[in-house]
Structure formats: structure tokens, C-alpha cells
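The values are calculated or read from the model by the stated rules, or taken from the named source; none is laboratory data. Note that this is a predicted model, so its numbers are computed, not measured. Every residue, glycine as well, gets a Cβ built from its backbone with ideal geometry; the counts of neighbours run over all protein chains shown.
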Amino acid sequence: MKTASLILAITLVTSSQFLRAEEGNSSLEHQMKILAKGTRQLSQQINDPAQQQSSVGLIEDLKKAAQDSKSIDPRMAETVPAADKAKFLADYRAQMDKLSDAFTKIEEAVKAGQYAEAKSLLASVNSIKREGHEKFKQD
């Protein structure tokens, strides 16, 4: 009976630690899904002047998701040696700032009615995202 209780207790402790670790990562994954879905939607409507207000609102959501993501450590940070972790996280946060800045430039172009410029800038977002995935996304 004591052995069964001990196994149950160990299982519960291990499970709760695993769930807490996954909670932070699922939060980041949620933000990344917002970024992916929103960027895809923006690419479909960015040329349409009739959707300017919708595009501006969407860009605001994308900037917020990028800023929210900045405060969450990526899962890959757990595998980085302690000596390199501060630099890794600083680079990650700088990448998220770069993404947020790109969305700000797109927003300015959309508000100015420069839809071709906004579409060109949106292409740069895809390269920023690709670069970020290469550096900070764990397979």
C-alpha cells in the first residue's frame, strides 16, 4: 500500500511540474498562432483599401502578440547553456522587437494608403519570422 501511495505521489508531482512547464510554452505557442493566422489574413487583405480599418485593427493585434511573446521564454531556452542563456534571451527579445517594428511600419503605410509599400513590408515580416524560427524554435 505504501509503495502504491509513493508511486502515486511521485506521478502527481512529476505531472504537475510537466504541466507548469507546458503552460508557459503553450502560452507562447498561442501567441505564435495569432501571429501566423493574422499575418496570413493580412496578406490576403492588405491591398484592399475597403479593408483599411480591418487591416489596422489586425496589425494592432499582431503588434500586441509580438510584444506578449517577448515576455515569454521560448522552450529552446531550456537547452541553452547557462552561460549563453542571457544572450540567447536578449537576442530573442530583440527579434520580437524587430517583428513589432516591422508591423508598425506596415501600419503606417496602410494608414497612409500606401498599399503596395505595405505589401512589400509584409514580405519582410515573413523573412523575420523565418529567421526567428531558425534561431529560436526547438524542433
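Within the group ILE34, ILE59, which residue is β-branched (Val, Ile, Thr), in a helix (DSSP H, G or I) and closer than 18 Å to SER120 by Cβ?
ILE59
Would you point out the residue of the stretch 102-117, among those that are of a type in the set (Asp, Glu) and under 12 Å from ILE59 (Cβ atoms), that is nearest to the chain's Cα centre (by Cα)?
GLU107
Could we say that ALA86 is under 20 Å from LYS129 (Cα atoms) and either without any contact (Cβ under 8 Å) to a residue 12 or more places away in the chain or under 18 Å from the mean Cα position of the chain (by Cα) (or both) here?
no
Could you check SER26 against (1) polar (S, T, N, Q); (2) modelled with pLDDT under 95; (3) part of a helix (DSSP H, G or I); (4) over 15 Å from the mean Cα position of the chain (by Cα) and say which number it fails?
(4)
If you check VAL125 against the conditions, is it in contact with a helix residue (DSSP H, G or I) (Cβ under 6 Å, 6 or more places away or on another chain) and over 18 Å from ILE34 (Cβ atoms)?
no
Within the bounds of the stretch 94-112, is there any residue that is modelled with pLDDT under 90 and in contact with a Lys or Arg (Cβ under 7 Å, 6 or more places away or on another chain)?
Taking every residue of the stretch 94-112 in turn, none turns out to be modelled with pLDDT under 90 and in contact with a Lys or Arg (Cβ under 7 Å, 6 or more places away or on another chain).
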